[in-house]
Amino acid sequence: MPELPEMENYKILLNQRIGGQTITDIQVNREKSININPELFKKTVEHQRIMTIKRRGKHLLFHLQNGQILLLHLMLGGWMFYGTEADKPKRTIQVRLSFGEQHLYFIGLRLGYLHLYSPKEAEQKLAHLGPEPLADDFTQQHFSQRIAGKHGRLKTTLLDQEFIAGIGNCYSAEICFHAGIKPINDIDDLSENDRVQLYKSIKIIIQEAIKHGGYMENPFFTGDTLTGSFYHLCQVYDREGETCRRCSAIIIMETISTRKTFYCPNCQV
């Protein structure tokens, strides 16, 4: 599932390619991917200029010239591709936004969605989300105050979008490895030094992942070599049974609340 770094990477690339451009055509192949009647959706969105694309947690917000917002959540298996009809992947397309000869394809939206909202509605839909981990006001003190009220497994807390927005399965594993803490540990057992290091690791891993285009492999456009390159830098995620690059111990996978959890039994305590 795309997490904060993947969506931030998409945001940057989308603003470069369609920011300021006008939507010339719309194709909806799966009505469940949108939230209103397809004809009304097309009537409201077609011929609108994309003013900017912003991100909140794992969501993208396409701000239209008419003040409306397209709210995107890719969920499990969702991704995007930008290019010509000849370039598009041989996959089922749920929604297509056209910009002349170029098109933005939404793929794998079986659980994900592209919903049309007013600014107030979009704000309400995202009101439950916790702070952005890279925001200036997300300080060490702020983090310490928030985690002080949490209990249970560290992994579960990091995945809680009301605690911090945007962290999912991949980056919770990588953050815990960087911090030297097992994700299966209970929050009540974390020392103050653990909590300080965890905060630092959140910042470092998220920034590094954005720099390398996230971990998901599907390129955003033909010739895109950045998107997904963080996958090869993952220290524990999806590396069950492989050796730790730091200490050569075998990476372990456990399941916590139905989510696969990866860690090094030697580097993390």
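The values are calculated or read from the model by the stated rules, or taken from the named source; none is laboratory data. Computed from a prediction, not measured in an experiment: that's the story for all the values here. We place every Cβ from the backbone using ideal geometry, glycine too, and count neighbours over all the protein chains shown. Calculation scope for accessible area: heavy atoms of the full protein, side chains included, ligands and nucleic acids excluded. Shrake-Rupley method; radii C 1.70, N 1.55, O 1.52, S 1.80 Å.
Based on the alpha-carbon gyration tensor of region 101-254 and its eigenvalue square roots a ≥ b ≥ c, which shape applies: rounded if a/c is under 1.5, prolate if not and a/b is larger than b/c, or oblate? Judged from the Cα gyration tensor, region 101-254 comes out oblate (a/c at least 1.5, b/c at or above a/b). Only Cα pairs under 8 Å and 6+ residues apart enter the sum, and on that basis the relative contact order of region 140-263 stands at 22 percent.
Angle of helix 169-179 to the longest C-alpha principal axis of the chain, folded into 0 to 90 degrees and rounded to 10: 40°. When the label point is put 7 Å from the Cα of ARG49 along its Cα-to-beta-carbon vector, which residues of region 86-127 have a backbone N closer than 20 Å? Backbone N within reach: 97-104, 119. Taking every protein chain into account, the accessible area of region 140-263 amounts to 46 square angstrom per residue (probe 1.4 Å).
With the cut-off at 29 Å, tell me which of the pairs LYS32/LYS200; LYS32/LYS155; LYS32/LYS90; LYS32/LYS182; LYS42/LYS90; LYS54/LYS211 have Cα atoms farther apart than that.
LYS32/LYS200; LYS32/LYS155; LYS32/LYS182
Determine the gain in length on full extension of the stretch THR84-ARG245; use 0.36 nm per residue of separation and subtract their C-alpha separation, reporting nm with one decimal.
Length gained between THR84 and ARG245: 53.9 nm.
Taking other residues whose beta carbon is less than 15 angstrom from the beta carbon of GLY20, and scoring Lys, Arg as +1 and Asp, Glu as -1, yields +4. Judged by the ratio a/c of the largest to the smallest principal axis of the C-alpha gyration tensor, region 218-263 counts as oblate, that ratio being 1.5 or greater while a/b is no larger than b/c.
The shape of region 4-126 comes out rounded: with a ≥ b ≥ c from the C-alpha gyration tensor, a/c is under 1.5.
Could you please put LYS90, LYS211, LYS203 in sequence from largest to smallest accessible area, using a 1.4 Å probe?
LYS90, LYS211, LYS203
What does the net charge come to around LYS150 if you take all other residues with beta carbon closer than 11 Å to its beta carbon, with K and R at +1 and D and E at -1? Residues close to LYS150 contribute a combined charge of -1.
Rounded to the nearest 500, the 222 nm mean residue ellipticity of the chain from helices alone is -8500 deg cm²/dmol, with -39,500 (n - 2.57) taken per DSSP H run of at least 4 residues. For ASP188 and LEU40, the difference between the fully extended length at 0.36 nm per residue and the C-alpha to C-alpha distance is 48.2 nm.
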